[in-house]
Amino acid sequence: MKRIKDTGNIVLKKRRYQIERVLILIAFPFSIDFAKCVFPFWYRHLIYWECTDDGDAFGKTWCSLTQNYNKDKIWKYCD
């Protein structure tokens, strides 16, 4: 006979995460951005010490959220 592993704890954790996520969306219905720009960051072959508009089709300034944008591709628009 095969013994089936109890996954109840995993299901409970998943449900808790989903509930917490919904509560956060209810508490913060507007787009509140808590992510911080990381300086300096590396983009293409240059190191940037402030927000840049390089590579943005609309000319808006942006920054990387990690030190190596080339590898991670995580970014946001600057305020």
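The values are calculated or read from the model by the stated rules, or taken from the named source; none is laboratory data. As the structure is a prediction and not an experimental result, all values here were calculated from the model. Cβ sites come from the backbone with ideal geometry, for glycine too, and all protein chains shown count toward neighbours.
Worth pointing out:
- Residues in the stretch 60-76 that are among the charged types (D, E, K, R) and not in a strand (DSSP E or B): K60, K71, D72, K73.
- In the stretch 32-56, residue nearest to the chain's Cα centre (by Cα) [restricted to those that are free of Cβ contacts under 8 Å to residues at least 12 places away in the same chain and assigned to a strand (DSSP E or B)]: T52
- Only a single item in (1) at pLDDT below 95; (2) exposed (fewer than 10 other Cβ atoms within 10 Å of the Cβ) is not met by I24, and it is number (2).
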